[in-house]
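Quick notes on the structure that follows.
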Amino acid sequence: VDTSEHAAAPDPTNDDRIDWLRALPFVGMHIACLGMFWVGVSATALWVALALYALRMFAITGFYHRYFSHRAFRTSRPVQFAFAVLGASSVQRGPLWWAAHHRHHHVHADTAADPHTPRKGFWRSHAGWFLTRGGFRTNPSRIGDLLKFPELRWLDRYDTAIPVVLAALLFGAGMALERWAPGLGTNGPQLLVWGFFVSTVVLFHATVTINSLAHRWGRRRYATLDDSRN
């Protein structure tokens, strides 16, 4: 994390605006999912997409959420890094960014300072906040316990590196399977589209339903100050 950059005083007039230039890769990932109509589908591609969805969802819920954000359990530094890398492959930015935003959310849940409360609108709570200028910023004051790990700071600073590597590996694996295991019926473009783009986009929207759907619909078992529901 570049603390000099991220610690800069926020500009309330600009922070809530969508940063369309930086949002282009996010939009492009959704458009890339349409490639399924050109690359076709196979059981191999579907299994790869499902496996990557499950593994990365575990990394997000178990580590980005429970471990990095809430420090709910302890683990070794190698395991911490391994799941930070797996979480980073989900294209939900780095572990420091994720933890800082989630901790901020819990301090200000469903108030004006909560960037993804549905009180600001469903679209805003679901994905709009993720693409704002303020949404791209990492607040180091909330993650002092994590900043001591240089490998986590690297993942946060170069958060696109791991997804690019995953996409390249999937394309390469598909090309290899097409050549040496043609009976599996897949190829590079197909594994790239299904294993990376489709799986990642579904994973993102499943994750952020906790911000949007789970704060608008469902049962409230306890009278809390926020709108969270089961």
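Residue-wise HN-Hα couplings along region 83-95, as the Karplus relation 6.51 cos²θ - 1.76 cosθ + 1.60 with θ = phi - 60° gives them from phi, are 7, 5, 5, 5, x, 5, 5, 7, 6, 10, 6, x, x Hz; Gly and Pro carry x. A straight line joining the Cα centroids of region 60-113 and region 139-202 runs 18 Å.
Extending 7 Å from Cα along the Cβ direction at THR209 and again at THR75 yields two label points whose distance is 2.4 nm.
Applying a DSSP loop filter and a limit of 12 other Cβ atoms within 10 Å to the trypsin sites (Lys or Arg not before Pro) in region 130-182 leaves LYS148. Over all other residues within a Cβ to Cβ distance under 14 Å of HIS70, the charged ones net out to +4, with Lys and Arg as +1 and Asp and Glu as -1.
Other residues whose C-beta falls under 14 angstrom from the C-beta of ALA82 contribute a net charge of +1, scoring Lys and Arg +1 and Asp and Glu -1. Among the trypsin sites (Lys or Arg not before Pro) in region 48-100, those placed in a DSSP loop whose Cβ has at most 14 other Cβ atoms within 10 Å are ARG71, ARG74.
A short reminder: the numbers here are calculations on the coordinates, not readings from a lab. Predicted, not measured: the structure shown is a model, and the values here were computed from it. Methodologically, a virtual Cβ is constructed for each residue, glycine included, from the backbone with ideal geometry; neighbour enumeration extends over all protein chains shown.
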